[in-house]
Amino acid sequence: MKRRELIVTAIAAPPLLLTGCANRAWVRIGAVSNPSKAQITVLNDAFGRDPTLQKDWGYAALVEVGSTRLLFDTGNNPEVLARNTAALNVDLGRLDFVVMSHRHGDHIGGISHLLSVNPRVRIFAPKEGFGVFGSDLKSSFYRRDETLRPDQRYYAGTPPETMVFGSAWPQANITLIDKTTEIAPGMHLIALVSDKPGTLELKELSLAIRTPDGLVIVVGCSHPGIDKIVRAATAIDPKINLVTGGLHLLVAKDADIETTVATLRDTYQVGHVAPGHCTGEPTFTALQRAFGGRYVYAGLGSTILLGATPRALDASGQATPAALSENDLQTYQTLLAASADRRRKLFTGLQGTAMQGDRYLAQWRRSLVGCC
């Protein structure tokens, strides 16, 4: 059975309306041929079993629930996104909207391909001061000096009430999110800020989807902490059926991994996990041990069928074993090392042009550890 022929349990969403209600930024949803579809397909990751797909560090996933079809992150490279979507017969021109979890390159790297296919698709992104997605700020933030001549003053002394700052993609249709917001019926973006060394003050969006079986949470990197993301999600629905995506425990110590795993399983009673990307190999093992049959394989090309008992299928429609294969582990390690090497070379280039004792560069270097 081919993936496109699969009919899965209905999680229907009503037609989307445009509204200006508080904590809502709804978009209009177009009709699709299979309103009963409920699944997540991994389009970019560093491990997987389909030889027709190109593995790469980073994350991207197609989320299809009811009549809603969205892209969550765009991976590390536009060519890889183009190749994998073509191989999986995914049409990026048929999206209701896109969610960019955060500004790291291995999540935004495919935006240029996305915009070449679908230039006006609505993109939800975290609002950060002077961020790559654009931003705005009340002009009252800076001090005035009325004694200066107009030609020495910002905006000749009469600045706009709100100052708008540019985006790396000025033609893109970007909506900035700075608080938890319902963007479609039953679909919420959880906005949190990292307080971790290396990614301090980085803002990240996670997707929480209401289903009859509890929330499905899709995360990019979990820089604010997967425990904090899940805790915030329980305010939407205390029952968490599935957590999938990157958990950012690549370099975590065993004790910290065990604490996080126990928090997911015992404190928040998460039903199932389908980890990927920056979760880390020791954490894959710890989650498999803790969740047993409730661990779902989420390698590149896998489609996770949502429902009371989520399960994963490969491109041919066959069930996938939960455990990572030896080839999975080898490619994951290789691409992780390549990603780290690219960051080191970038830092070396910047270091050659920096002033001695540059505090900002030192902070940026530390951030390389937290970037994934």
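The values are calculated or read from the model by the stated rules, or taken from the named source; none is laboratory data. Here the structure is a predicted model, which means the values were calculated and not measured. With ideal geometry, Cβ positions are generated from the backbone for all residues, glycine too; neighbour counts draw on all protein chains shown. The protein model used for the area step is the full one, side chains on, heavy atoms only, and it has no ligands, DNA or RNA in it. Shrake-Rupley method; radii C 1.70, N 1.55, O 1.52, S 1.80 Å.
Give me a count of the residues in region 288-299 that are buried (at least 17 other Cβ atoms within 10 Å of the Cβ), assigned to a helix (DSSP H, G or I) and either in contact with a Gly (Cβ under 7 Å, 6 or more places away or on another chain) or among the basic types (Lys, Arg) (or both).
1
Which residue out of Leu92, Leu70 is under 17 Å from Asn173 (Cα atoms) and buried (at least 24 other Cβ atoms within 10 Å of the Cβ)?
Only one candidate passes the filter, namely Leu70.
Report, by residue number, each residue of region 153-172 that is open to solvent by 100 Å² or more (accessible area, probe 1.4 Å) and closer than 11 Å to Ser135 by Cα.
Passing the criteria: only Val164.
Return yes or no: is Glu182 closer than 23 Å to Arg120 by Cβ and out of contact with any Asp or Glu (no Cβ under 8 Å at 6 or more places or on another chain)? Lay out the reasoning, then the answer.
Details: closer than 23 Å to Arg120 by Cβ: yes; out of contact with any Asp or Glu (no Cβ under 8 Å at 6 or more places or on another chain): yes.
The answer is yes for Glu182.
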